[in-house]
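Working notes, structure below.
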Amino acid sequence: MNTEFDKNEFKHIGKNLKASQEIKRPSLSYWQDAYRRLKKNKVAMLSFWILLVLITMSIIGPIITKNLYGHTYESQNLAEQNQTPIMSNARSISLLANDVFDYDKHVPNYRKNKTTFKNVRLKSPGKIGFKIGNAADESWQGDKKEYELMIEVSSTDTWNSIIEKLNNEGQRLLNEDPDFRGISFEKKGNSLVIKTVGQKWFNSTHWFGTDEFGRDLFTRLWEGGRISFFIAFISVFITSVFGIIYGGISGYIGGRIDDILMRIVEILMTVPDMLYTILLLTVMDPGIKPISIVLIVTGWMGTARIVRGEVMRLKHSEYVVAAKTLGASTKKIVFQHLIPNAMGPIIVNMTMMIPKMIFAEAFLSFIGLGVPVPYASWGSLANQGAKIFRQFPHQLLIPAIAISLTMFAFNLLGDGLRDALDPRLRK
Amino acid sequence: MLKYILKRLLMAFATLWVISTLTFILMHALPNDPFTDPKLKPEVRQALRVKYGLDKPVPEQYVIYMKNLLKGDLGTSIKYPGRSVTDIIAESFPKSFALGWRALVIAVVFGLILGVIAALNHQKTLDYLSIIIAIVGVSIPSIILGPILAYFFGVKLGWFPVTVDKTQISLFLPSLTLAMSSLATISRLMRTTTLEVLGQDYISTAKAKGLSKLQIVLRHVLRNAVMPIITILGPLFAALITGSIVVEKIFAVAGLGEYFVSTITEQDYPMIMGITIFYAALIILSILVVDILYGFIDPRLRISGKGGK
Amino acid sequence: MKKILEVRNLEVSFDTYAGEVQAVRDVSFNLYEGETLAIVGESGSGKSVTAKSLMRLNPEPPARYKGGEILFYGENILNKKEKEMQEIRGSKIGMIFQDPMTSLNPTMTVGKQIMEALIKHQKVKGSKARETALEMLRMVQIPNPEKRFDEYPHQFSGGMRQRVMIAIALVCNPQILIADEPTTALDVTIQAQILDLMKDLQDKINTSIILITHDLGVVAHSAQRIIVMYGGKIVESGSTDQIFYKSRHPYTWGLLNSVPRLDIKKEDGRLDSIEGTPPDLFAPPQGCPFADRCEYAMEICRKKMPPKFEIEENQHSACWLNHEFAPKVDNPTQIAKSLQKKEVQSNEK
């Protein structure tokens, strides 16, 4: 055993306190550390980039289409109503079987949602026909010629034989005229599904389609983004400034003044913002400025409360008390200690307020108190889209995606910021 | 405790008074009144003004309005002549309430379940799934969610009616739309509070007793984690009430919210004021009830007799 | 004495976002029937993790039992299923925690919290369970137990709550009671009461106690044997007398010197402290974990982990100073010196 060890290794060399206390991590300032942790948070960073894209597009989007095609948010073109982003002249409609055929005693049983057409026969013989490429039809998208498909049926025909006849007739038309796009009939449940063959092409002049007045949705979306973001940013900014002043005074002075100021906030907060908002907007004429004012009037209380809480907490913190005992001036304490240290929660609060403002704006537009026509905001676009959602889903879905993405991104970014700015989570 | 309740009641009345006064001032700060339609003859306009008491000086109107308010009389509607605001509220509010309480139940039940499941599976698939649901819930406003739900489940799949009629099932889609954001809020909060409770020492104590995971959750976690949720039920109920304004419009419910929206565009002052005050009173009451209830539920507050903050 | 618990080469790690923290490294010890074994060490030494491992209370993940075994009556606890563990927890092994203020559920009456374990393990119901729980409250000397039974924890003082905790832990007459810093959060006057209570109850129901503490004062009062832990390892073990008077490890010396004593006056009137901070268990040093803070450190200490040297019967010390090559160092603690003085005096007589 003794050969394993070198006797020289058994000599006192004393403590190595430096090594024991060595801190291996580099020291970072509060903001550096917060930035580092935010950057690590992939979800928050993704949200940040999404927001950046959305905001950039709101700025340049309308300029692009104006220069390329001359679209503005208000230019109407009634010849180009309700276009979709992907245009198509293919159509697919499903007709209820008893709209097309007469039944004798073989009434389909809808209640069980199970219909057997096996033995269905027509009550009376006659003609069945369909018009294809009818310019008067609502989903007409540019066929050059109208075709008519007609078959004769007799009372011995069954469902299947009728469909076969229809398909044969379609094939005959196609053989006769190569311009005819082709048609197919199929039975599906208790309906007859008719599909015409057609091309699909990207709507090259209206990238996101058009609305009911033929206005370009791409332009309107980003124009709406400008208004929505503008309203949100300006109202959050002013709200925060006012909230910081109000909450700061209340928290810093404390005592009786704090009591009174906070009681006022408490009373105002009892009533949900929406009531005030609606009430105020009925008094003012709708527009960007009144909406912003309304959102500011109803939004500052939360910020004021948060700031007051922070200031109260910091005021009694040891380092501020220490600074006071050392004779630091009020100004110095406020600007060097209170504001920088309260900044974290304030920034998080601002981030979380923005989606709330966008939401509030959308809500107001929805109940008809938003920006007046022909201006667009995301809320008013969604409102218009919701009305004709069933025919043209894209008119709702496009602004809906924009709103949801923005809310999504701001909420996630806010969460990330909160985690990054919370000193308790520093590792 | 009694003193606390009395104090809160007093506070509630003060708030209500502030709100009704504010509403009154706002309504009368308008440059025009409901009868500025140029097509009206001056005599007719004057007669209408007299009928609705608008010819009197504003302070006198205020006193009259407040006196009537105390009696529960909110005046007569202008848009629906001959119908008192109270009647209209009494008729339409139950329809809103039918949506409201269903939405509250959906939000609370599913929100709590989702939150607990997320916390118990912290940083696993189920947790992320419920976070996603929660974030989607707060990120998609009801003005978008409503039409989309109506389209897919109502029109495309045909599972539920798109407009509200007498049937129970027709209330499902609007209630769900209304519940969604509250559901998300509750599940998020519940997740946080459950995680907090799970980290408490008394959970270790319960584990050291040999209780199974389920027993720990049922007996020790749930009750403590739900406590903070109770405090937000009041504001949540308020959010549901205002939220129903949108939902009623989407699903064509002739509830109070729908009336509210239409009176705004019609500038029907007695209606606007009446409904605002009614909403405010409802919200204040619900917050009050929840706060008092909380004092009874939490043993720490119950014994010491100090409620609230 | 009958051996009821045997820990062999226990290794526990925590998997964190930054990597593996080796909280317990190669820990072995035995526990005998009816004895009190103290595990002493500063925070982060792994003593709490070791104690919680005995009941598998470390949350898994992040905790991971990397190796070794814990034999309770010959059965390895680390191999048991969760369900089997639940049978053991609270019934065969009870535990009390450091902070009585937070260890009780604030929304459940004290009585119910005591009855819970009874109902779970002994399948007794209603009035019978209540009887036993009341008896338990009486045993932990809570005045007016019938009234207190239906009260909530916030109506109890800290000391009373710790009594309730003891009642909960002992209500099923466990073979082992693990007390994790049971007195740390209490007033000094209450501390002694709680320790006395534990001793009384130990005599009554003949349970073994594992006492986790950083306070050697507490240990002297109640333990028969002591294990000193540092940096996730056992650095010294032995009987209470051996550790107090004949320790052969500089870390133990440091601990002993930092206990305030009235009977020994120091020249400068200051307490000794151990300078420096414990090692980062993210990357434990390859040599002795204490080497960097050790006055007597040698080159070998930084290079090689010291083995266990047997000092006397039952006393082991993991320090290179006990190697035959090492320079001779006497136990420098005041307490050891006073003992030597006494011995010299008695020899002279």
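Worth a mention:
- Fully extending the segment from A:ARG263 to A:ILE86 would add 58.1 nm, taking 0.36 nm per residue of separation and subtracting the current Cα-Cα distance.
- Cα→Cβ-extended label distance, 7 Å offset, between C:ASN173 and B:THR167, nm: 6.6 nm
- Couplings 3J(HN,Hα) for the range C:92-103, derived from phi with the Karplus relation 6.51 cos²θ - 1.76 cosθ + 1.60 (θ = phi - 60°), are 9, 10, x, 9, 10, 10, 5, 10, x, 5, 10, 8 Hz, where x marks Gly and Pro.
- Packing-based ranking of A:167-173, C:143-149, A:305-311 yields A:305-311, A:167-173, C:143-149, ordered from highest to lowest mean Cβ neighbour count within 10 Å.
- In a reduced charge model with +1 at each Lys and Arg Cβ and -1 at each Asp and Glu Cβ, chain B shows a dipole moment near 980 debye about its Cα centre.
- Förster radius 56 Å - calculated FRET efficiency between C:VAL188 and B:HIS28 (Cβ-Cβ, nearest 0.05): 0.20
- Heavy-atom accessible area, probed at 1.4 angstrom with all protein chains present, ranks A:PHE237, C:PHE244 as A:PHE237, C:PHE244, highest first.
- Over 21 Å between alpha carbons, listed pairs A:LYS42/B:LYS124; B:LYS71/B:LYS249; C:LYS3/C:LYS83; B:LYS207/C:LYS83; A:LYS165/A:LYS188; B:LYS207/C:LYS52: B:LYS71/B:LYS249; C:LYS3/C:LYS83
- Normalised by the number of residues in chain B, the mean separation of alpha-carbon contacts (under 8 Å, six or more apart) gives a relative contact order of 26 percent.
- Legend: mean number of C-beta atoms from other chains within 10 angstrom of residue C-beta atoms, peptide A:362-370, equals 5.
- Peptide C:105-117, shielding by other chains (average Cβ, 10 Å cutoff): 5
- Phi-based couplings in Hz for the range C:159-173 (Karplus 6.51, -1.76, 1.60; Gly and Pro marked x): x, 5, 5, 5, 5, 4, 4, 5, 4, 4, 5, 9, 4, 9, 6
- A straight chain from C:ILE119 to C:GLU312 at 0.36 nm per residue would run longer than the Cα-Cα distance by 64.8 nm.
- Of the residues B:ILE292, B:ILE89, B:ILE144, the one that moves most in a GNM of chain B with alpha-carbon contacts below 10 Å is B:ILE144.
- Counting only Cβ charges, +1 for Lys and Arg and -1 for Asp and Glu, the dipole size of the range A:217-425 around its Cα centre is about 220 debye.
- Normalised contact order of the range C:204-251, rounded percent, pairs of Cα under 8 Å and 6 or more residues apart: 23 percent
- Accessible area of B:HIS28 (1.4 Å probe, protein heavy atoms only, ligands and nucleic acids ignored): about 60 Å².
- Summed over qualifying helices (DSSP H, 4 residues or more, each -39500 (n - 2.57)) and divided by its residue number, chain C shows a 222 nm mean residue ellipticity of -10000 deg cm²/dmol.
- Viscosity 1.567 mPa s, 4 °C: Kirkwood-radius Stokes-Einstein D of chain B over Cα pairs, µm²/s: 58 µm²/s
- For the pair C:ARG138 and C:ASP203, a Förster radius of 22 Å applied to the C-beta separation gives a FRET efficiency near 0.85, rounded to the nearest 0.05.
- Shown is the FRET efficiency for C:ASP150 and B:ILE297, computed with R0 = 22 Å from the Cβ-Cβ distance and rounded to the nearest 0.05: 0.85.
- Heavy atoms of C:ASP187 accessible to a 1.4 Å probe, total area in Å² rounded to 10: 100 Å²
- Cβ-based charge dipole, the range A:354-427, positive-most Cα from A:GLY370, A:ILE403, A:ASN383: A:ILE403
- Largest accessible area first, the residues B:ASP268, B:ASP165 order themselves as B:ASP165, B:ASP268 under a 1.4 Å probe with ligands, DNA and RNA left out.
- Cα-based equivalent ellipsoid of the range C:99-171: semi-axis lengths in Å, sorted from largest, via gyration tensor: 18, 12, 11
- Sequence of C:MET95, C:MET160 from largest to smallest accessible area, 1.4 Å probe: C:MET160, C:MET95
- For the range A:217-425, the relative contact order works out to 28 percent when only alpha carbon pairs closer than 8 Å and six or more residues apart are counted.
- With DNA, RNA and ligands ignored, accessible area of B:PHE13 (1.4 Å probe; Å², nearest 10): 140 Å²
The values are calculated or read from the model by the stated rules, or taken from the named source; none is laboratory data. Values in this document were obtained by computation on a predicted structure and should not be read as measured data. Positions of Cβ are generated from backbone atoms using ideal geometry, with glycine treated the same way; all protein chains shown enter the neighbour counts. Ligands, DNA and RNA are excluded from the accessible area calculation, which covers all protein heavy atoms including side chains. Shrake-Rupley method; radii C 1.70, N 1.55, O 1.52, S 1.80 Å.
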